[in-house]
Amino acid sequence: MLENLPSVQGDPLWALLHQFNADQRNHKIDMLVGVYRDETGKTPVMQQVQKAELKLATAAQSKSYKMLAGNLEFNDHMAKFLLGDGAHFSDQCTIQTVGGSGALRVIADFIKTLSPNAVIWNTDPGYLNHRPIMEGAGLTVKPFRWQHKGGLLDIETCFKDLENAKEGDILLLHASCHNPSGVDPLLQQWQQFIDFCKAKKIIPFIDIAYQGFGDGPDQDAAGLRLFVDQVDLVLVAASCSKNMGLYCERAGVAMVVAKDNSQHTKIRMLLERITRINYSMPPNHGSAIASLLFSDPKPWLAELAVCRERINNLRNALGKLLAEMGAPDSFQAVTRQKGMFSLLPLTAEQMIVLREKHAIYGMLNGRINLAGLKQEQVQHLADSLVDVIKD
Ligand SMILES: Cc1ncc(COP(=O)(O)O)c(C=O)c1O
């Protein structure tokens, strides 16, 4: 058997991280990994999470098996957090998953079971794991360009590429803080996607991994909620990794919003069967913490706001400096982009120069994580970018 082992390519991110760790330069900046960092460079455990963990440890509830759908209280909280207090709570079927990635895979299996020939239309550039997760479930993935002009989405290009989408295909969109570009649709552009899905009978699949990292929890779910208001079937994959800092605890949900409530029992049974044959049930600890945060959300939302404001302040400071230095508008667009990521309009060669000459580490495709930056480093980043462009 082992003679058939393929040579699986390692993740380029980890190779770059090794390089960063070995780099002796004091002014080096790590903008690689997709985790939030505070001004000291740490990925902190939120205070409310620590409090919840102490409470859980003291209560020492049973570790007996939970339901296949995971923590039901957490699922209800998540449904309300995602959909808002509107009328659609009764339209959703939600199960807990192993983080957002688990949710993506569960929904992919759901699609493959019901509509095996559906094509997944995926943004290009897009989240590195979307394609492999969808293809891992046996689905076909096709790209559509997620281009922007001046930091805003160029929706005409999207629809040009989506011309070949057929009835029953799936449109995979990021709810907010697009990874890797930070380019999000305006509300009227969300409406254009909705009109497109309705006209062509395309099913929307919304990945929401950064709710609260862009403009706020409600604003970041506005596109999703608009879809849910107007479309009969919406698929959702959500993660608590970033907005609760629960990365390694693996808390997320897969949600199917179906206006035809007569199908709900069958939908739930299928979702549970998918988890059953993959991993039986998700881990409980992260969802138990999340449930406590949701039960008194204000202090947690205040901590989340601090993360969001830090990133937005960094974006504004960088954009201001770049404007003062006369950098092209495509660089100043960082102020109009959302969330942790932006895609620098640099070639792979220029990203290497940025790394080798200036000790600034981003991905070769130009992706940088703004949260890897400290205020005191913004000037160095702006100077380095201007230097790289002029060469
Ligand atoms: C767009 C997007 N979706 C999903 C995920 C997966 O999140 P999780 O870490 O909860 O699996 C990520 C993580 O980086 C992401 O960027």
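Just so it is clear, none of the values below were taken in a lab; they were calculated from the coordinates. The model shown is predicted, which means the values in this text are computed figures rather than measured ones. Because the Cβ atoms are built from the backbone with ideal geometry, glycine has one as well, and the counts that use them run over all protein chains shown.
A compact table of results
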| quantity | calculated |
| --- | --- |
| Loop-exposed trypsin sites (Lys or Arg not before Pro) per DSSP, neighbour cap 13 Cβ within 10 angstrom, longest uninterrupted part of the chain | 260-391 |
| Extended-chain gain in nm, criterion 0.36 nm per residue less alpha-carbon gap, GLU135 and GLU39 | 30.8 nm |
| Translational D in µm²/s for segment 65-295 (Stokes-Einstein at 10 °C, 1.306 mPa s, Kirkwood Rh from C-alpha pairs) | 91 µm²/s |
| Residue exposure sequence - SER176, SER101 - by fewest surrounding Cβ within 10 Å | SER101, SER176 |
| Ranked GLU3, GLU303, criterion: other C-beta atoms within 10 Å, fewest first | GLU3, GLU303 |
| Mean Cα-pair separation over length for the chain, i.e. relative contact order, pairs under 8 Å, 6 or more apart, % | 24 percent |
| Space enclosed by the convex hull of the alpha-carbon atoms of the chain, per residue, Å³ | 162 Å³ |
| Gap separating the Cα centres of segment 96-165 and segment 12-81, nearest whole Å | 25 Å |
| Order of CYS240, CYS307 under a 10 Å beta carbon neighbour criterion, fewest first | CYS307, CYS240 |
| Positive-end residue, the chain charge dipole about Cα centroid, Cβ charges, pick of SER384, PRO297, ALA60 | ALA60 |
